[in-house]
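Worksheet: one structure, shown below.
The numbers here are math on the coordinates, done by the rules we state, and not lab data. Predicted, not measured: the structure shown is a model, and the values here were computed from it. Every residue, glycine as well, gets a Cβ built from its backbone with ideal geometry; the counts of neighbours run over all protein chains shown.
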Amino acid sequence: MTGPVRERVLAYLRAHHVMTLATQGPAGPWAAAVFYASEGFTLYFLSAPSTRHATELAAHARVAATIQDDCADWAAIRGIQLEGEAREVRGTQAERARTIYGAKFPALGSSERAPAPIAAAFAKIRWYRIVPDRLYFVDNSLGFGHRDQLIPVG
């Protein structure tokens, strides 16, 4: 993994907030937009365990996701495509996820600072972690369809 591309991907992950998570289940493929926070290449998100995407990843941990800018010019398309494993985290790993998430979204970092509806929702959610094993950084400013592949290590 080249240093400059690696750093661009990490900066991109830190600067963005929403990923589209793709799962697979008995009814076929599904995609859901979720807020995320990252630590290195690892992505954390929260969801109710009854959602379709959470139910499906509990049965099939293999997922794909995208994070991208919203733009009207094809030459401005930039973003990340990734594939990896998504799993629910509990205990100290869930606390770590909440800490990382709270650093990115301060209003959600603690129940005391969260708006009342969000604080109530925290009682119903679970924390999840995606560990990508392959990422692509798409940057059409470098040419139509240009993407650099990254294989996270460790």
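Quick notes
- The calculated FRET efficiency for the pair A103 and Q68, based on their C-beta separation and a Förster distance of 30 Å, comes to about 0.85.
- P(r), alpha carbons of segment 70-154 - 5 Å bins starting at zero, rounded %: 3, 12, 15, 15, 14, 13, 14, 10, 4, 0
- For peptides 89-96, 75-82, sequence by mean Cβ density within 10 Å, most packed first: 75-82, 89-96
- Relative contact order of segment 3-150, pairs being alpha-carbon contacts under 8 Å that are 6 or more residues apart, as %: 25
- Computed magnitude of the charge dipole of segment 35-154 (debye, nearest 20; Cβ of K, R +1, Cβ of D, E -1): 500
- For the chain, alpha-carbon Rg over 2.2 N^0.38 Å: 1.07
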